[in-house]
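Quick notes on the structure that follows.
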Amino acid sequence: MTAPTFKVVLGVIGADCHAVGNKIIMSVLEPLGFDVVNLGVMVSQDEFIDAAIETGAEAILVSSIYGHGEIDCMGFRDRCIERGLADMLLYVGGNLVVGKREFSAIEALFKGMGFDRVFKPSVDLALVADLLKADIEKRRGAAAADSGFASLRNVG
């Protein structure tokens, strides 16, 4: 097993009590180098954000299976911004809406809400892990570059 190098918060949002998928996600991510803080089911937006702040997580992974993710996730990015986590990576996946819609429309809806990545219920979790690592490393690189420029501005 790889030493964890990526800290993420995982949970099932809203009144959704579907726990099995959440445990599967965690069981895939941990051996791939993720330190997963699993909040379980019926998690509010603020509970996700509190956990991310308390643990120094680099991403929040939101799961929703019962179809009401559209309602439960409204305002999530705004809430992150209000709480000082404007740059937090937000991933969402599962059965996110009630009724039949093209996935492209669901993806556009959630990206419009500020989520960085949106996944179908049938996604390959190894792909999610690869994307998550790449996204975190990209953010780390951007943050390092920003702090380097800030240091240069403070010289002289």
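Where a number appears in this text, it was derived from the coordinates with a stated rule and is not lab data. All of these numbers come straight from a predicted model, not from anything done at the bench. With ideal geometry, Cβ positions are generated from the backbone for all residues, glycine too; neighbour counts draw on all protein chains shown.
For ASP124 and ILE81, a Förster radius of 30 Å and the Cβ-Cβ distance give a FRET efficiency of 0.45, rounded to the nearest 0.05.
Residue-normalised convex hull volume from the C-alpha trace of the stretch 6-153: 109 Å³ per residue. Taking every full run of DSSP H in the chain, the ones that stretch at least 20 Å from end to end by Cα along their long axis and average -1.0 or higher on the Kyte-Doolittle scale are 125-153.
Each Cα pair under 8 Å and six or more residues apart adds its sequence gap; the mean of these over the residue count of the chain is a relative contact order of 21 percent. Near GLU47, once Lys and Arg are set to +1 and Asp and Glu to -1 for all other residues with Cβ below 14 Å from its Cβ, the sum equals -3. The packing ranking, built from the mean of other Cβ atoms within 10 Å per residue, places the peptides 50-63, 91-104 in the order 50-63, 91-104, highest first. Mean residue ellipticity, 222 nm, helices only, the chain: the sum of -39500 (n - 2.57) across DSSP H runs of n ≥ 4, divided by residue count and rounded to 500, is -14000 deg cm²/dmol. Please label the shape of the stretch 24-74 as rounded, prolate or oblate, based on the square roots a ≥ b ≥ c of the eigenvalues of the alpha-carbon gyration tensor (a/c under 1.5 means rounded; beyond that, a/b larger than b/c means prolate, else oblate). Taking the square roots of the gyration eigenvalues as a ≥ b ≥ c, the stretch 24-74 is oblate. Near TYR66, once Lys and Arg are set to +1 and Asp and Glu to -1 for all other residues with Cβ below 13 Å from its Cβ, the sum equals -3. Around the Cα centre of the stretch 6-153, unit charges on the Cβ atoms of Lys, Arg, Asp and Glu (plus for the first two, minus for the last two) sum to a dipole of about 280 debye.
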